[in-house]
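These notes concern the structure reproduced below.
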Amino acid sequence: MKMNSGGSTDGHSNQARKARNRRECLEVDGMGRNEPFISFGLEDLRVFSLPHNDALVIQVRVAKHDVLRVFVDNGSSVNVIFKEALVQIDLHEYQLEEVETALFGFAGHAVYPEGEITLPLTLGTGDLRKTVMKIFAVLDAPSSNNIILGRPAMNEMRVVASTYHQKIKFPVRGRVGEVKEDQPSSQKCYGETVRVDQKKARREEKGKRESQVDEVAKEREVHFVAEEEQEAVEIEPGKHIRELAGISPQVAEHKLNIIPGSQPMKQKKRHFGPKKDKVIDEQVGELLRAIHIREVQFPNWLSNVVLVPKATGKWRMCVDFRDLNKACPKDFYLLPRIDQLFDSTSGCELLSFMDAYQGYHQIPLAHKDQDKASFITSRGTFCYVVMPLGLKNVGATYQRLMNHVFQKKIGRNIEVYVDDILIKTWEVSCFVDDLTETFATLKH
(Lines give C-alpha, C1' and ligand atoms only; values in the text may rest on other atoms or scores of the structure.)
Protein backbone atom coordinates (compact mmCIF):
# COMPACT_ATOMS: atom_id res chain seq x y z
CA MET A 1 0.00 0.00 0.00
CA LYS A 2 1.22 3.51 -0.72
CA MET A 3 1.31 6.54 1.53
CA ASN A 4 0.20 9.66 -0.36
CA SER A 5 0.93 13.28 0.50
CA GLY A 6 0.32 16.58 -1.23
CA GLY A 7 -2.85 17.23 -3.18
CA SER A 8 -5.36 20.02 -2.77
CA THR A 9 -8.31 18.42 -1.03
CA ASP A 10 -8.24 21.14 1.64
CA GLY A 11 -8.27 23.95 -0.90
CA HIS A 12 -5.82 25.35 -3.42
CA SER A 13 -4.58 28.22 -1.24
CA ASN A 14 -3.34 28.82 2.28
CA GLN A 15 -6.32 31.10 2.90
CA ALA A 16 -8.76 28.34 1.98
CA ARG A 17 -7.00 25.85 4.20
CA LYS A 18 -6.95 28.25 7.17
CA ALA A 19 -10.67 28.94 6.73
CA ARG A 20 -11.36 25.22 6.69
CA ASN A 21 -9.30 24.69 9.84
CA ARG A 22 -11.24 27.45 11.71
CA ARG A 23 -14.54 25.90 10.63
CA GLU A 24 -13.51 22.41 11.76
CA CYS A 25 -12.34 23.75 15.15
CA LEU A 26 -15.77 25.30 15.71
CA GLU A 27 -17.46 22.06 14.66
CA VAL A 28 -15.35 20.03 17.08
CA ASP A 29 -16.05 22.42 19.97
CA GLY A 30 -19.76 22.20 19.27
CA MET A 31 -19.99 18.46 18.78
CA GLY A 32 -17.39 16.94 21.09
CA ARG A 33 -19.62 16.82 24.18
CA ASN A 34 -22.38 14.94 22.33
CA GLU A 35 -20.21 12.27 20.76
CA PRO A 36 -20.32 8.74 22.23
CA PHE A 37 -17.28 6.96 23.62
CA ILE A 38 -15.67 4.71 20.99
CA SER A 39 -13.68 1.64 22.01
CA PHE A 40 -12.68 -1.79 20.69
CA GLY A 41 -12.80 -5.00 22.68
CA LEU A 42 -13.01 -8.76 22.41
CA GLU A 43 -16.58 -8.50 21.14
CA ASP A 44 -15.20 -6.77 18.03
CA LEU A 45 -12.99 -9.70 17.12
CA ARG A 46 -14.92 -11.59 14.51
CA VAL A 47 -14.01 -15.09 13.29
CA PHE A 48 -10.94 -14.56 11.17
CA SER A 49 -7.36 -15.69 11.05
CA LEU A 50 -5.20 -14.52 13.95
CA PRO A 51 -2.49 -13.34 14.20
CA HIS A 52 -2.56 -11.19 11.06
CA ASN A 53 -0.98 -8.11 9.50
CA ASP A 54 -3.72 -7.36 7.00
CA ALA A 55 -4.57 -3.91 5.75
CA LEU A 56 -8.01 -2.49 6.45
CA VAL A 57 -10.12 -2.76 3.29
CA ILE A 58 -13.86 -2.05 3.56
CA GLN A 59 -17.01 -1.40 1.53
CA VAL A 60 -18.56 2.07 1.34
CA ARG A 61 -21.33 3.76 -0.60
CA VAL A 62 -20.45 6.47 -3.11
CA ALA A 63 -23.47 8.34 -4.46
CA LYS A 64 -25.91 5.47 -5.15
CA HIS A 65 -23.30 2.79 -5.65
CA ASP A 66 -21.76 0.25 -3.24
CA VAL A 67 -18.01 0.23 -3.77
CA LEU A 68 -15.78 -2.65 -2.66
CA ARG A 69 -12.02 -2.59 -2.04
CA VAL A 70 -11.79 0.72 -0.23
CA PHE A 71 -8.41 0.95 1.51
CA VAL A 72 -8.50 2.84 4.83
CA ASP A 73 -5.17 4.70 4.94
CA ASN A 74 -4.51 7.20 7.72
CA GLY A 75 -1.11 7.80 6.12
CA SER A 76 -2.70 9.48 3.10
CA SER A 77 -3.34 13.22 3.15
CA VAL A 78 -5.86 12.91 0.29
CA ASN A 79 -8.85 10.81 -0.64
CA VAL A 80 -8.26 8.98 -3.91
CA ILE A 81 -10.60 7.33 -6.38
CA PHE A 82 -9.00 5.47 -9.27
CA LYS A 83 -10.16 6.33 -12.75
CA GLU A 84 -11.10 2.76 -13.67
CA ALA A 85 -13.48 2.58 -10.69
CA LEU A 86 -14.90 6.01 -11.51
CA VAL A 87 -15.66 4.94 -15.08
CA GLN A 88 -17.36 1.75 -13.92
CA ILE A 89 -19.52 3.64 -11.43
CA ASP A 90 -20.43 6.11 -14.24
CA LEU A 91 -20.97 9.21 -12.11
CA HIS A 92 -21.61 11.46 -15.10
CA GLU A 93 -23.72 13.89 -13.08
CA TYR A 94 -20.70 14.91 -10.97
CA GLN A 95 -18.22 17.33 -12.52
CA LEU A 96 -14.50 16.65 -12.72
CA GLU A 97 -12.49 19.76 -11.88
CA GLU A 98 -8.94 20.47 -13.02
CA VAL A 99 -6.13 20.45 -10.47
CA GLU A 100 -2.44 21.30 -10.76
CA THR A 101 -1.20 20.05 -7.40
CA ALA A 102 0.88 16.85 -7.45
CA LEU A 103 0.64 13.87 -5.12
CA PHE A 104 3.75 12.26 -3.68
CA GLY A 105 4.16 8.62 -2.67
CA PHE A 106 6.53 7.34 0.01
CA ALA A 107 9.27 7.01 -2.65
CA GLY A 108 8.98 10.72 -3.45
CA HIS A 109 7.64 10.30 -6.99
CA ALA A 110 5.23 13.00 -8.14
CA VAL A 111 1.91 11.92 -9.67
CA TYR A 112 -0.51 14.40 -11.16
CA PRO A 113 -4.22 13.56 -10.78
CA GLU A 114 -6.50 13.87 -13.78
CA GLY A 115 -8.65 16.14 -11.64
CA GLU A 116 -10.78 16.27 -8.52
CA ILE A 117 -14.39 15.28 -8.01
CA THR A 118 -16.73 15.93 -5.08
CA LEU A 119 -18.86 12.91 -4.22
CA PRO A 120 -21.28 11.90 -1.44
CA LEU A 121 -19.57 9.31 0.76
CA THR A 122 -21.64 7.08 3.05
CA LEU A 123 -20.40 4.84 5.87
CA GLY A 124 -22.59 2.32 7.66
CA THR A 125 -26.18 1.25 7.01
CA GLY A 126 -29.67 1.91 8.27
CA ASP A 127 -30.01 4.21 11.28
CA LEU A 128 -26.23 4.13 11.86
CA ARG A 129 -25.43 5.66 8.49
CA LYS A 130 -23.36 8.79 7.98
CA THR A 131 -22.94 10.75 4.74
CA VAL A 132 -20.63 13.65 3.85
CA MET A 133 -19.56 15.34 0.61
CA LYS A 134 -15.84 14.73 0.07
CA ILE A 135 -13.27 15.68 -2.53
CA PHE A 136 -11.47 12.80 -4.26
CA ALA A 137 -8.33 13.05 -6.37
CA VAL A 138 -8.83 11.01 -9.56
CA LEU A 139 -5.76 8.92 -10.42
CA ASP A 140 -5.28 7.03 -13.67
CA ALA A 141 -3.01 4.28 -12.37
CA PRO A 142 -3.19 0.49 -11.97
CA SER A 143 -4.42 -0.54 -8.53
CA SER A 144 -6.26 -3.42 -6.88
CA ASN A 145 -8.09 -0.83 -4.76
CA ASN A 146 -10.98 1.26 -6.01
CA ILE A 147 -10.69 4.03 -3.43
CA ILE A 148 -8.15 5.17 -0.83
CA LEU A 149 -9.91 6.67 2.17
CA GLY A 150 -7.43 9.20 3.55
CA ARG A 151 -7.29 11.52 6.53
CA PRO A 152 -9.64 14.20 5.07
CA ALA A 153 -12.61 11.82 5.04
CA MET A 154 -11.63 9.95 8.21
CA ASN A 155 -11.15 13.13 10.26
CA GLU A 156 -14.35 14.82 9.11
CA MET A 157 -16.42 11.71 9.81
CA ARG A 158 -14.44 11.18 13.06
CA VAL A 159 -13.54 7.65 12.05
CA VAL A 160 -11.57 5.51 14.49
CA ALA A 161 -9.90 2.60 12.71
CA SER A 162 -8.47 -0.61 14.17
CA THR A 163 -6.50 -2.77 11.78
CA TYR A 164 -6.24 -5.45 14.49
CA HIS A 165 -10.03 -5.67 14.90
CA GLN A 166 -10.49 -5.20 11.14
CA LYS A 167 -13.18 -2.54 11.40
CA ILE A 168 -13.82 1.17 11.71
CA LYS A 169 -16.16 2.98 14.10
CA PHE A 170 -17.61 6.49 13.96
CA PRO A 171 -20.13 8.62 15.88
CA VAL A 172 -23.55 9.11 14.32
CA ARG A 173 -26.42 10.90 16.13
CA GLY A 174 -25.13 10.06 19.59
CA ARG A 175 -24.52 6.40 18.76
CA VAL A 176 -21.63 4.41 17.27
CA GLY A 177 -21.72 3.15 13.70
CA GLU A 178 -19.24 0.66 12.31
CA VAL A 179 -18.06 -0.96 9.10
CA LYS A 180 -16.49 -4.41 9.20
CA GLU A 181 -13.81 -5.67 6.83
CA ASP A 182 -13.68 -8.94 4.88
CA GLN A 183 -10.25 -10.41 5.63
CA PRO A 184 -10.03 -12.78 2.61
CA SER A 185 -10.79 -9.87 0.28
CA SER A 186 -8.11 -7.79 2.00
CA GLN A 187 -5.50 -10.51 1.59
CA LYS A 188 -6.44 -10.98 -2.08
CA CYS A 189 -6.34 -7.22 -2.62
CA TYR A 190 -2.91 -6.99 -0.99
CA GLY A 191 -1.56 -9.83 -3.13
CA GLU A 192 -2.78 -8.16 -6.29
CA THR A 193 -1.22 -4.86 -5.20
CA VAL A 194 2.15 -6.50 -4.70
CA ARG A 195 1.97 -8.19 -8.10
CA VAL A 196 1.04 -4.91 -9.81
CA ASP A 197 3.94 -3.10 -8.12
CA GLN A 198 6.40 -5.86 -8.92
CA LYS A 199 5.40 -6.00 -12.58
CA LYS A 200 5.60 -2.22 -12.88
CA ALA A 201 9.02 -2.09 -11.20
CA ARG A 202 10.35 -4.90 -13.36
CA ARG A 203 9.02 -3.28 -16.57
CA GLU A 204 10.64 0.02 -15.66
CA GLU A 205 13.95 -1.61 -14.75
CA LYS A 206 14.05 -3.78 -17.86
CA GLY A 207 13.10 -0.85 -20.07
CA LYS A 208 15.93 1.18 -18.55
CA ARG A 209 18.43 -1.61 -19.18
CA GLU A 210 17.27 -2.22 -22.72
CA SER A 211 17.67 1.43 -23.65
CA GLN A 212 21.20 1.79 -22.24
CA VAL A 213 23.06 -1.50 -22.48
CA ASP A 214 25.30 -2.92 -25.21
CA GLU A 215 25.34 -6.35 -26.90
CA VAL A 216 26.41 -8.15 -23.72
CA ALA A 217 23.44 -6.74 -21.82
CA LYS A 218 21.10 -7.82 -24.61
CA GLU A 219 22.05 -11.39 -23.80
CA ARG A 220 21.17 -10.73 -20.15
CA GLU A 221 17.68 -9.54 -21.02
CA VAL A 222 16.57 -13.08 -21.79
CA HIS A 223 18.03 -14.32 -18.50
CA PHE A 224 21.01 -16.25 -19.83
CA VAL A 225 24.54 -15.78 -21.13
CA ALA A 226 26.20 -18.21 -23.53
CA GLU A 227 29.15 -20.08 -22.02
CA GLU A 228 31.69 -18.57 -24.39
CA GLU A 229 30.41 -15.08 -23.48
CA GLN A 230 30.91 -15.53 -19.74
CA GLU A 231 33.53 -13.24 -18.25
CA ALA A 232 36.49 -14.64 -16.33
CA VAL A 233 37.04 -12.48 -13.23
CA GLU A 234 40.38 -12.37 -11.40
CA ILE A 235 39.77 -12.34 -7.63
CA GLU A 236 43.41 -12.89 -6.63
CA PRO A 237 46.67 -12.83 -8.65
CA GLY A 238 46.59 -15.91 -10.85
CA LYS A 239 43.21 -17.07 -9.50
CA HIS A 240 40.04 -16.68 -11.58
CA ILE A 241 36.41 -17.60 -11.31
CA ARG A 242 33.87 -17.92 -14.15
CA GLU A 243 30.52 -16.27 -13.63
CA LEU A 244 27.24 -18.22 -13.66
CA ALA A 245 28.70 -21.50 -12.52
CA GLY A 246 25.26 -22.74 -11.49
CA ILE A 247 23.85 -24.18 -8.26
CA SER A 248 24.59 -27.68 -7.08
CA PRO A 249 21.50 -29.98 -6.97
CA GLN A 250 22.45 -30.74 -3.37
CA VAL A 251 21.85 -27.06 -2.54
CA ALA A 252 18.75 -26.37 -4.66
CA GLU A 253 16.81 -28.25 -7.30
CA HIS A 254 13.38 -27.57 -8.76
CA LYS A 255 10.97 -30.51 -8.82
CA LEU A 256 7.54 -30.61 -10.48
CA ASN A 257 5.92 -33.28 -8.25
CA ILE A 258 3.30 -34.09 -10.87
CA ILE A 259 0.00 -35.14 -9.25
CA PRO A 260 -0.34 -38.93 -9.70
CA GLY A 261 -2.83 -39.89 -12.38
CA SER A 262 -2.49 -36.60 -14.28
CA GLN A 263 -3.04 -36.98 -18.00
CA PRO A 264 -0.02 -35.74 -20.02
CA MET A 265 -0.91 -32.92 -22.43
CA LYS A 266 0.64 -32.25 -25.83
CA GLN A 267 -0.22 -28.88 -27.31
CA LYS A 268 -0.64 -28.65 -31.05
CA LYS A 269 2.20 -26.67 -32.61
CA ARG A 270 1.46 -23.04 -33.26
CA HIS A 271 2.68 -21.34 -36.44
CA PHE A 272 4.20 -17.88 -36.23
CA GLY A 273 5.39 -16.97 -39.72
CA PRO A 274 8.95 -16.53 -41.06
CA LYS A 275 9.89 -13.39 -39.10
CA LYS A 276 8.81 -14.66 -35.70
CA ASP A 277 10.23 -18.12 -36.42
CA LYS A 278 13.58 -16.45 -36.99
CA VAL A 279 13.37 -14.71 -33.60
CA ILE A 280 12.47 -18.00 -31.89
CA ASP A 281 15.29 -19.82 -33.69
CA GLU A 282 17.84 -17.25 -32.52
CA GLN A 283 16.74 -17.42 -28.89
CA VAL A 284 16.64 -21.23 -28.94
CA GLY A 285 20.21 -21.19 -30.28
CA GLU A 286 21.32 -18.95 -27.41
CA LEU A 287 19.69 -21.26 -24.86
CA LEU A 288 21.44 -24.26 -26.42
CA ARG A 289 24.83 -22.54 -26.28
CA ALA A 290 24.21 -21.65 -22.63
CA ILE A 291 23.33 -25.34 -21.95
CA HIS A 292 20.00 -24.31 -20.48
CA ILE A 293 18.03 -26.59 -22.82
CA ARG A 294 18.69 -29.80 -24.73
CA GLU A 295 17.01 -31.67 -27.57
CA VAL A 296 14.50 -34.30 -26.52
CA GLN A 297 12.64 -37.13 -28.26
CA PHE A 298 9.21 -38.62 -27.55
CA PRO A 299 8.18 -36.32 -24.63
CA ASN A 300 4.84 -37.03 -22.96
CA TRP A 301 4.29 -33.38 -22.12
CA LEU A 302 4.72 -30.79 -24.84
CA SER A 303 4.13 -27.03 -24.73
CA ASN A 304 4.23 -24.24 -27.27
CA VAL A 305 6.45 -21.19 -27.22
CA VAL A 306 4.91 -17.73 -27.24
CA LEU A 307 6.46 -14.40 -28.16
CA VAL A 308 5.86 -11.56 -25.73
CA PRO A 309 6.55 -7.98 -26.90
CA LYS A 310 9.05 -5.95 -24.88
CA ALA A 311 8.76 -2.24 -24.18
CA THR A 312 11.40 -1.65 -26.88
CA GLY A 313 9.31 -3.36 -29.56
CA LYS A 314 11.47 -6.51 -29.61
CA TRP A 315 10.32 -10.00 -28.66
CA ARG A 316 10.93 -12.27 -25.69
CA MET A 317 10.40 -16.01 -26.09
CA CYS A 318 8.43 -17.72 -23.32
CA VAL A 319 6.87 -21.17 -22.96
CA ASP A 320 3.15 -21.78 -22.39
CA PHE A 321 3.34 -24.12 -19.37
CA ARG A 322 -0.31 -23.68 -18.37
CA ASP A 323 -1.30 -27.32 -18.97
CA LEU A 324 1.74 -28.59 -17.07
CA ASN A 325 1.17 -26.17 -14.20
CA LYS A 326 -2.37 -27.46 -13.70
CA ALA A 327 -0.93 -30.89 -12.92
CA CYS A 328 1.52 -29.56 -10.32
CA PRO A 329 0.52 -29.10 -6.66
CA LYS A 330 1.15 -25.72 -5.06
CA ASP A 331 4.30 -25.29 -3.01
CA PHE A 332 3.11 -23.43 0.10
CA TYR A 333 6.57 -22.15 1.00
CA LEU A 334 5.76 -18.62 2.14
CA LEU A 335 7.22 -15.57 0.45
CA PRO A 336 8.10 -12.59 2.65
CA ARG A 337 5.47 -9.89 3.16
CA ILE A 338 6.41 -6.71 1.32
CA ASP A 339 5.04 -4.45 4.08
CA GLN A 340 7.17 -6.21 6.70
CA LEU A 341 10.27 -5.84 4.51
CA PHE A 342 9.62 -2.11 4.27
CA ASP A 343 9.15 -1.86 8.03
CA SER A 344 12.43 -3.68 8.66
CA THR A 345 14.39 -0.93 6.87
CA SER A 346 13.29 1.77 9.30
CA GLY A 347 16.37 3.51 10.73
CA CYS A 348 18.81 2.43 7.99
CA GLU A 349 21.08 5.18 6.68
CA LEU A 350 21.68 3.45 3.34
CA LEU A 351 19.79 0.87 1.27
CA SER A 352 21.37 -1.02 -1.65
CA PHE A 353 19.22 -2.90 -4.15
CA MET A 354 20.43 -5.89 -6.18
CA ASP A 355 18.51 -7.85 -8.83
CA ALA A 356 19.71 -11.45 -9.25
CA TYR A 357 17.87 -11.65 -12.56
CA GLN A 358 19.97 -14.52 -13.97
CA GLY A 359 19.47 -16.69 -10.92
CA TYR A 360 16.54 -18.75 -12.18
CA HIS A 361 18.67 -20.44 -14.86
CA GLN A 362 21.36 -21.31 -12.29
CA ILE A 363 19.00 -23.67 -10.44
CA PRO A 364 18.87 -27.14 -12.04
CA LEU A 365 15.61 -28.83 -12.94
CA ALA A 366 15.32 -32.37 -11.56
CA HIS A 367 16.47 -34.81 -14.24
CA LYS A 368 13.28 -36.90 -14.00
CA ASP A 369 11.20 -33.76 -14.71
CA GLN A 370 13.24 -32.29 -17.55
CA ASP A 371 11.36 -34.02 -20.38
CA LYS A 372 8.08 -32.70 -18.94
CA ALA A 373 9.31 -29.12 -19.46
CA SER A 374 9.47 -29.72 -23.22
CA PHE A 375 8.49 -27.28 -25.92
CA ILE A 376 8.24 -27.39 -29.69
CA THR A 377 9.47 -24.94 -32.33
CA SER A 378 10.07 -25.05 -36.07
CA ARG A 379 13.68 -25.94 -35.21
CA GLY A 380 12.76 -29.03 -33.21
CA THR A 381 11.69 -30.25 -29.77
CA PHE A 382 13.65 -29.24 -26.68
CA CYS A 383 13.39 -29.42 -22.91
CA TYR A 384 14.82 -27.33 -20.10
CA VAL A 385 17.60 -28.69 -17.91
CA VAL A 386 17.46 -25.65 -15.63
CA MET A 387 14.53 -23.99 -13.89
CA PRO A 388 12.69 -21.83 -16.43
CA LEU A 389 10.44 -18.86 -15.82
CA GLY A 390 6.75 -19.68 -16.13
CA LEU A 391 6.69 -22.96 -14.23
CA LYS A 392 4.54 -23.22 -11.13
CA ASN A 393 6.35 -22.82 -7.79
CA VAL A 394 9.61 -21.47 -9.23
CA GLY A 395 9.29 -18.43 -6.96
CA ALA A 396 9.04 -20.66 -3.90
CA THR A 397 12.07 -22.70 -5.01
CA TYR A 398 14.11 -19.55 -5.53
CA GLN A 399 13.03 -18.06 -2.18
CA ARG A 400 13.94 -21.31 -0.41
CA LEU A 401 17.43 -21.14 -1.97
CA MET A 402 17.93 -17.48 -1.03
CA ASN A 403 16.81 -18.11 2.55
CA HIS A 404 19.36 -20.93 2.75
CA VAL A 405 22.18 -18.85 1.25
CA PHE A 406 21.52 -15.79 3.42
CA GLN A 407 20.21 -17.52 6.54
CA LYS A 408 22.77 -15.79 8.80
CA LYS A 409 22.21 -12.36 7.26
CA ILE A 410 18.46 -12.04 6.69
CA GLY A 411 17.00 -9.60 9.18
CA ARG A 412 20.43 -8.37 10.26
CA ASN A 413 21.72 -6.54 7.19
CA ILE A 414 19.83 -8.16 4.30
CA GLU A 415 16.26 -8.76 3.19
CA VAL A 416 15.42 -10.98 0.21
CA TYR A 417 12.29 -11.24 -1.90
CA VAL A 418 12.82 -13.99 -4.50
CA ASP A 419 15.54 -12.55 -6.80
CA ASP A 420 15.52 -9.05 -5.28
CA ILE A 421 18.17 -8.46 -2.63
CA LEU A 422 18.05 -5.47 -0.29
CA ILE A 423 21.24 -4.67 1.65
CA LYS A 424 20.50 -2.70 4.81
CA THR A 425 23.26 -0.44 6.11
CA TRP A 426 22.45 0.92 9.54
CA GLU A 427 25.43 3.30 9.58
CA VAL A 428 27.24 4.76 6.59
CA SER A 429 30.58 3.68 8.03
CA CYS A 430 29.50 0.01 7.64
CA PHE A 431 28.48 0.35 3.96
CA VAL A 432 31.60 -1.26 2.45
CA ASP A 433 31.60 -4.05 5.03
CA ASP A 434 27.95 -4.89 4.28
CA LEU A 435 28.61 -5.04 0.53
CA THR A 436 31.78 -7.11 0.99
CA GLU A 437 29.99 -9.63 3.19
CA THR A 438 27.09 -9.93 0.73
CA PHE A 439 29.31 -10.47 -2.30
CA ALA A 440 31.40 -13.01 -0.40
CA THR A 441 28.23 -14.94 0.50
CA LEU A 442 27.08 -14.92 -3.14
CA LYS A 443 30.51 -16.06 -4.32
CA HIS A 444 30.51 -19.10 -2.07
message = Could you work out how much longer the chain between Q267 and S352 gets when fully extended? Use 0.36 nm per residue separation minus the Cα distance between them, nm to one decimal.
response = 26.2 nm
remark   = Given a Förster distance of 60 Å, the FRET efficiency implied by the Cβ-Cβ spacing of L288 and H65, rounded to the nearest 0.05, works out to 0.60
remark   = For region 318-367, the per residue accessible area (1.4 Å probe, Å²) is 56 Å²
inquiry  = Give me the one-decimal nm value for the distance between modelled label points at N53 and R129, 7 Å along each residue's Cα-to-Cβ direction.
reply    = 3.8 nm
ask   = Rounded to the nearest 0.05, what FRET efficiency is calculated for Q297 and E114 with R0 set to 56 Å and r the Cβ-Cβ distance?
value = 0.50
key: Residue list for region 50-71, given a label point 7 angstrom along the Cα-to-Cβ vector of E84 and an amide N cut-off under 19 Å   = 57-60, 66-71
request  = Would you calculate the separation in nanometres between label points at I338 and L442, each defined as 7 Å from the Cα along the Cα-to-beta-carbon direction?
outcome  = 2.3 nm
key: Two-site label geometry, T312 and V176: point separation in nm, points 7 Å out along Cα→Cβ   = 6.0 nm
query = Which order do E253, E295, E349 take when ranked by solvent-accessible area (1.4 Å probe, heavy atoms of all protein chains), largest first?
reply = E295, E349, E253
inquiry  = Could you give each residue of region 339-344 its phi-based ³J(HN,Hα) in whole Hz, using Karplus coefficients 6.51, -1.76, 1.60 with θ = phi - 60°, and x for Gly or Pro?
reply    = 5, 5, 5, 4, 4, 5
ask   = If you take the beta carbon distance between Y94 and I38 as r and set R0 to 30 Å, what does 1/(1 + (r/R0)^6) give as a FRET efficiency, to the nearest 0.05?
value = 0.45
key: Cut-off 15 Å (backbone N to label point 7 Å along Cα→Cβ of D277), residues of region 373-402   = 376-381
key: Highest to lowest packing among 296-303, 425-432, scored as the average C-beta count within 10 Å   = 296-303, 425-432
query = With all protein chains present and a 1.4 Å probe, how do T381, T312, T122 order by accessible area, largest first?
reply = T312, T381, T122
ask   = With respect to the cross-link table entries K83/K392; K266/K326; K392/K424, which display a Cα-Cα separation exceeding 24 Å?
value = K83/K392; K392/K424
key: Which of E114, E43 is most accessible, then next, and so on - probe 1.4 Å   = E43, E114
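The values are calculated or read from the model by the stated rules, or taken from the named source; none is laboratory data. Being a predicted model, the structure only gives us computed values, none of them experimental. Here Cβ is always computed from backbone atoms with ideal geometry, including for glycine, and neighbour counts include all displayed protein chains. For accessibility, only protein heavy atoms count, side chains too; no ligands or nucleic acids. Shrake-Rupley method; radii C 1.70, N 1.55, O 1.52, S 1.80 Å.
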